[in-house]
Amino acid sequence: MTEQVNDNVILFPKTIEYYQYELTRMLEAERYGEAVRLLRFLLNCRHHDHRVQGEWQSLLDWLQMMFPEEQFPLEDEQEELTEEELLREQLRLRGREGEEYAEKLLAALEQPYEVDKQLLALEQLALVEHPRVNEVLEEWATRPNLHPMLQFKALQTLQRRGATGSVTLYKLNEETVVDLEDTPPTFDDFPAQIHEIMLRVQEISETQHPALSYFAQETWNEFLAFIYGTSQYRQMLRQDSSCVDVWAAALHLTLLEHVFHSGDREELLDLYGITSHLLFQWEQAYRVMKQFAATMFSGRM
C-alpha cells in the first residue's frame, strides 16, 4: 500500500462501502498499523463523498495520535504489551483530548442509517476512557429496532471495557437477559459447538457449492449477532452433536436461496443426513433462519 497520490484511483460508492467494512475488520483484529496504511492510501484516492473523506481523516488522526510507534519504549516489560494496551495508555495520557474524542464517537452512534460508521465508532469506544461511555452504550444497546449487528457489537464493546452486570434486550419477540461479562469478545470466542456448525457448512460447500464458502462465515457471524442471547441460541448450545447438521443445513439452504437464488431442499437434507427424526428440529432451525434472512438480507450493511 503506497502513500503516493493516487489520482488515477477512483472510489465508487460500493468500493467505499467495502473499505469501510475492511477498516472495521482491521480495528476489530487490532491491526492498527494496517488500518493507518489503508487510510493513507484511501485519502489519496479520488471520490465525491466529502463526508467520508473527513471521517477517514479523523480516524487516521486518532490512530496516529494513539499509536505513535516512535514514542513506545522498547524495554522488555513494554514488549509484552499488546497494541490495544499501548493504545489505551496513549489515550489515558492524552487526557482531555481523549474525552472530547469519546464524545464525538458517542454522537456518531446517533446517526441513523450509518451502520458501518457506527461499527467503527463502537470499535474505538472499546479503548477510550470516559465516565459516560458504559452508561450510554447500555442504554443504546437496549433500544428497539436496533440493527442486530450493532446491538451485539455494543455488547462486545461493553465486555471489552470490563463492564459487568446484565442488560435486558427484546429480540425475536421475546425479552431476554444477557450478562455483559459472558459476551464473546470476538466471534472466535463463541463455544466450540457454534464453530462446528460453520465447519460443517464449509466441508459440504467445498465439493457441492464452492462459491458459497466465501459468504458463509460473514453470514454466520451476522446470524450469531441476530440470535445471541435468545431462547433459540440457548437451545442451540444445549443440543447434541446431531444438531450440528440441522443448523448447518438450514444455513446452507438460506445462503443458496438468498445469495444464489437457488437451492434444492431435498438434496441438502440428504447431503447433511437430515433423516425423519431430525426433520422437525431442522424445520425449527430453518424458520429462525428465514426470520434472520428477512431482517438482514433485505438491508445488508
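What distance in nm separates the simple spin-label points at residue 186 and residue 241, each placed 7 Å from Cα in the Cβ direction?
Here the modelled spin labels are 2.7 nm apart.
Largest first and in whole Å, what are the equivalent-ellipsoid semi-axes of segment 95-162 based on the Cα gyration tensor, each being the root of 5 times an eigenvalue?
Values: eigenvalues 68, 33, 20 Å².
Semi-axes, largest first: 18, 13, 10 Å.
Below 11 angstrom from the Cβ of residue 278, what's the summed charge of the other residues (Lys, Arg +1; Asp, Glu -1)?
Details: positive: none; negative: 240, 245, 283.
Once all neighbours under 11 Å are counted, the net charge is -3.
Please get the size of the charge dipole for segment 187-299, origin at its Cα centre, with Cβ charges of +1 on Lys and Arg and -1 on Asp and Glu, quoted in debye to the nearest 20.
My answer is approximately 420 debye.
If each residue of separation counts as 0.36 nm, what is the full-extension length gain between residue 234 and residue 218 once their alpha-carbon separation is subtracted? Mind showing how you got there, number by number?
Values: separation 16, 0.36 × 16 = 5.76 nm, distance 2.11 nm.
Here the answer is 3.6 nm.
Using the charge dipole of segment 187-299 (Lys, Arg: +1 at Cβ; Asp, Glu: -1 at Cβ; taken about the Cα centre), state which of 291, 251, 194 has its Cα farthest towards the positive end.
Checked the options; the winner is 291.
With labels modelled as points extended 7 Å from the Cα through the Cβ direction, what inter-label distance (nm, one decimal) is found for residue 262 paired with residue 202?
2.3 nm
Tell me, what is the FRET efficiency for residue 290 and residue 104 to the nearest 0.05, using R0 = 35 angstrom and their Cβ-Cβ distance as r? Write down the numbers at each step before the final one.
Numbers: r = 39 Å, r/R0 = 1.11.
It comes to 0.35.
Using only the alpha carbons of segment 125-183, determine the length spanned along each of the three principal axes and report them from longest to shortest in whole angstroms.
35, 19, 16
How large is ³J(HN,Hα), in whole Hz, for each residue of segment 212-225 in order, when computed from phi with the Karplus curve 6.51 cos²θ - 1.76 cosθ + 1.60 and θ = phi - 60°, using x for Gly and Pro?
My calculation for segment 212-225 gives 5, 4, 5, 8, 5, 5, 4, 5, 5, 4, 5, 5, 4, 5 Hz in order.
Which shape class applies to segment 187-299: rounded if a/c is under 1.5, otherwise prolate when a/b exceeds b/c and oblate if not, where a ≥ b ≥ c are the square roots of the Cα gyration tensor eigenvalues? Let's see the in-between values first.
Details: a/c = 1.29, a/b = 1.08, b/c = 1.20.
Cα axes put segment 187-299 in the rounded bin.
Each value in this text was obtained by applying a stated rule to the coordinates, not by laboratory testing. Note that the structure is a prediction, hence the values are computed from the model and not measured. Here the Cβ is made from the backbone with ideal geometry for all residues, glycine too, and neighbour counts use every protein chain on show.
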